[in-house]
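K.L.:
Have a look at this one before I ask anything.
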């Protein structure tokens, strides 16, 4: 199974497939989380057909997983609030999650990434309890309904890791549910990278990385910002985390730059010189 993922660009798939083959990457699709796509089955089919044309070609060369089976996708997240007290908002949110999961199942994808949808900084006890309990109940049901897909809950602008860890602990017996650590998001919070990684370590099943200026979510190439990637690498390895990593930057040039930086510096999951 691939340890690295890239965000594919449908307009540049020949180079994307070449880069993915060179580094043994799978793809994480960002084309399906918008409402206008989720409600347009014809557009979904067009997107899938575009990707299948290249994915099948790559598979025939033996350079990638067969079809889409090793790939993942980003599920609906804009305005998704499973824990809402408003039943209209809650029902719409649940519908979007189900649409994402159904699409992933039909494509044969490995997993789907969702966001916490929590109001960062708002720590009223009732709100946090609602967030945890309603997400636990709903995603437990979803996990049972879609046993062939992994469900990853990503920190967005959550200010601390303990709340997400609390949900993951309550769901730790759900084999196809886990945490997606977005390290760049984490480094925009008031907590250190060490706090995030050590707190979430038992639950991390997927990782997103890109770089930033420690102030804004810029999605820069890895190594092009201010994040300490040696610290990231050290913490991930010390905690024994073996999750795959999405290099969450857009475009061939930024992806190639990121992968070259990671390989040159032995950044997880790349092999380090001393480990060779």
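FYI, it's all coordinate maths here, none of it is from the lab. These numbers were taken from a predicted model, which means no experiment stands behind them. Quick reminder, even Gly has a Cβ in these numbers, built from the backbone with ideal geometry, and neighbours come from all protein chains shown.
K.L.:
As an exercise, use a Förster radius of 51 Å and the Cβ-Cβ distance of residue 125 and residue 253 to find the FRET efficiency, rounded to the nearest 0.05.
P.N.:
After rounding to 0.05, the efficiency reads 0.60.
K.L.:
Ok, one more. So for the stretch 4-270: antiparallel DSSP bridges make up what percent, rounded to the nearest 5?
P.N.:
If we restrict to bridges inside the stretch 4-270, about 5 percent are antiparallel.
K.L.:
Taking 0.36 nm per residue of sequence separation and subtracting the Cα-Cα distance, how much length would be gained by fully extending the chain between residue 172 and residue 230, in nm to one decimal? Each step should come with its number before you reach the end.
P.N.:
On the way: separation 58, 0.36 × 58 = 20.88 nm, distance 2.92 nm.
Roughly 18.0 nm would be gained on extension.
K.L.:
Give the span of the stretch 91-211's Cα atoms along each principal axis, as three whole-Å numbers ordered largest to smallest.
P.N.:
Principal extents (Cα only, largest first): 39, 33, 25 Å.
K.L.:
Report the Cα centroid-to-centroid distance between the stretch 1-43 and the stretch 143-180 in angstrom, as an integer.
P.N.:
23 Å
K.L.:
So, one more: Show me the three semi-axes of the equivalent ellipsoid for the stretch 115-155, from the C-alpha gyration tensor (sqrt of 5 times each eigenvalue), largest first, rounded to whole Å.
P.N.:
23, 12, 4
K.L.:
Hey, fewest Cβ within 10 Å first, where do 89, 236, 207, 163 land in order? Spell out each step's value before the answer.
P.N.:
Values: 89 15, 236 23, 207 26, 163 18.
Ascending Cβ contact count within 10 Å gives the list 89, 163, 236, 207.
K.L.:
If I model a spin label as a point 7 Å beyond the Cα along the Cα-Cβ vector, how far apart are those points for residue 218 and residue 79 in nm?
P.N.:
Computed distance between label sites residue 218 and residue 79 equals 3.1 nm.
K.L.:
Still on this structure, please answer the following. Could I have the simple spin-label model distance between residue 133 and residue 162, label points 7 Å from Cα toward Cβ, reported in nm to one decimal?
P.N.:
So the label points at residue 133 and residue 162 sit 2.0 nm apart.
K.L.:
Moving on to the next point. Viscosity 1.567 mPa s, temperature 4 °C: what is the translational diffusion coefficient of the stretch 131-196 from Stokes-Einstein with a Kirkwood Rh over Cα pairs, rounded to a whole number of µm²/s?
P.N.:
Translational D for this selection: 104 µm²/s.
K.L.:
Just the number: Rg to Rh for the chain, Cα atoms, Kirkwood Rh, two decimals. Don't skip to the end; give the middle numbers.
P.N.:
Details: Rg = 18.1 Å, Rh = 19.1 Å.
Ratio of gyration radius to Kirkwood radius: 0.95.
K.L.:
Only counting other Cβ atoms within 10 Å, I'd like 258, 264 sorted with the fewest neighbours first.
P.N.:
On the way: 258 24, 264 11.
Fewest-to-most Cβ neighbours within 10 Å comes out as 264, 258.
K.L.:
In whole Å, what are the Cα extents of the stretch 156-276 along the three principal axes, biggest one first?
P.N.:
40, 35, 23
K.L.:
Also, quick follow-up: Order these by the 10 Å Cβ neighbour count, fewest first: 144, 185, 206.
P.N.:
Lowest to highest Cβ neighbour count: 144, 185, 206.
K.L.:
May I pose another question? Sorted from largest down, what three extents in whole angstroms do the Cα atoms of the stretch 1-144 have along their principal axes?
P.N.:
54, 32, 27 Å, listed from the longest principal axis down.
K.L.:
Just need the relative contact order of the stretch 4-270 here, percent rounded to a whole number, with Cα pairs under 8 Å and 6+ apart.
P.N.:
16 percent
K.L.:
Please work out, to two decimal places, the log10 of the ratio I(q)/I(0) at q = 0.24 Å⁻¹ from a Debye calculation in which every Cα of the stretch 65-127 carries one identical scatterer.
P.N.:
These q points yield log10 I(q)/I(0) values of -0.96.
K.L.:
Which distance in Å, rounded to a whole number, links the C-alpha centroids of the stretch 66-97 and the stretch 200-264?
P.N.:
With the stretch 66-97 and the stretch 200-264 each reduced to a Cα centre, they are spaced 25 Å.
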